[in-house]
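Contents: one structure, followed by commentary.
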Amino acid sequence: DVKVTQSSRYLVKRTGEKVFLECVQDMDHENMFWYRQDPGLGLRLIYFSYDVKMKEKGDIPEGYSVSREKKERFSLILESASTNQTSMYLCASSLTGLSDTEAFFGQGTRLTVV
Amino acid sequence: AQSVSQHNHHVILSEAASLELGCNYSYGGTVNLFWYVQYPGQHLQLLLKYFSGDPLVKGIKGFEAEFIKSKFSFNLRKPSVQWSDTAEYFCASSSMEYGNKLVFGAGTILRVKS
């Protein structure tokens, strides 16, 4: 079974703090994604990475950065957390190719910024 | 740009009613299409996927979806819903031309009344 593991289930941080969300996958997938999920807005892509040290901005990258130093690990960084970044954050991974690119998701991290 | 739209945000049905959830995607090239489901308190899981071949795709739990290229649509159907189908449903697309970037719709919340 593919496993995508997010380091925390729940986090509470203060405004202005630097926040790290970690994600690890164990199936040697090339692609990794970070989304935030908000009611009525679905999953919005923050960043994705198609290879080690490679990253692409998604639809809402402002206020976030990412790091992919190893193939299995993809980190999301909130440089200075703000209350509007309170959300559910989902990590996913998938293979690259013409087909069979199903994404597998972690359990999510619910971040509250106070 | 690659985008996915879902027509209904909330759907309420009685048990045994038929279900059809609309999904349209924007990209005209080769696409991979997915329906994911999120049951209350659980993580996202794949219902079904389309890569190529037969445009009528069957998934788990009696769900199916039809890919209609001329309409850029990938609607989800189930002939008879159950109370346990209460969940949020997400349509998603990816394309190798966009580097397998996976984009989601806003989601449809389905409530099935028993």
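The values are calculated or read from the model by the stated rules, or taken from the named source; none is laboratory data. As the structure is a computational prediction, the values presented were derived from the model and not from experiment. Ideal geometry is used to build each Cβ from the backbone, glycine not excepted, and the neighbour counts take in all protein chains shown. For the accessible areas, the whole protein counts, side chains as well, though only heavy atoms, and no ligand, DNA or RNA atoms are used. Shrake-Rupley method; radii C 1.70, N 1.55, O 1.52, S 1.80 Å.
About the centre of its Cα atoms, the stretch B:36-99 shows a dipole size close to 120 debye [charges on the beta carbon of Lys, Arg (+1) and Asp, Glu (-1) only; nearest 20 debye].
Only beta bridges with both residues in chain B are counted; by DSSP, about 85 percent of them are antiparallel.
Taking amide H as placed 1.01 Å from N in the peptide plane, B:N8 has its amide H under 5 Å from the amide H of B:G22, each at least 5 places away in sequence or on another chain. Here the protein assembly as shown is treated with +1 on each Lys and Arg Cβ and -1 on each Asp and Glu Cβ, and its dipole about the Cα centre works out to around 420 debye. For chain B, the relative contact order is 37 percent, taking Cα pairs closer than 8 Å that sit 6 or more residues apart in sequence and dividing their mean separation by the residue count.
B:W83 sits with roughly 150 Å² accessible to a 1.4 Å probe, with DNA, RNA and ligands left out of the calculation.
In plain terms, chain A is cut at each of the trypsin sites (Lys or Arg not before Pro) found in a DSSP loop with at most 14 other Cβ atoms within 10 Å, and the longest leftover piece is A:54-114.
Here chain B is described by how far its Cα atoms reach on the three principal axes: 44, 28, 21 Å, from widest to narrowest.
Rounded to the nearest whole angstrom, the semi-axes of the ellipsoid equivalent to chain A, taken from the Cα gyration tensor as √(5λ), stand at 23, 14, 13, largest first.
Along each principal axis, taking the top coordinate minus the bottom one, the Cα set of the protein assembly as shown gives 49, 38, 32 Å in descending order.
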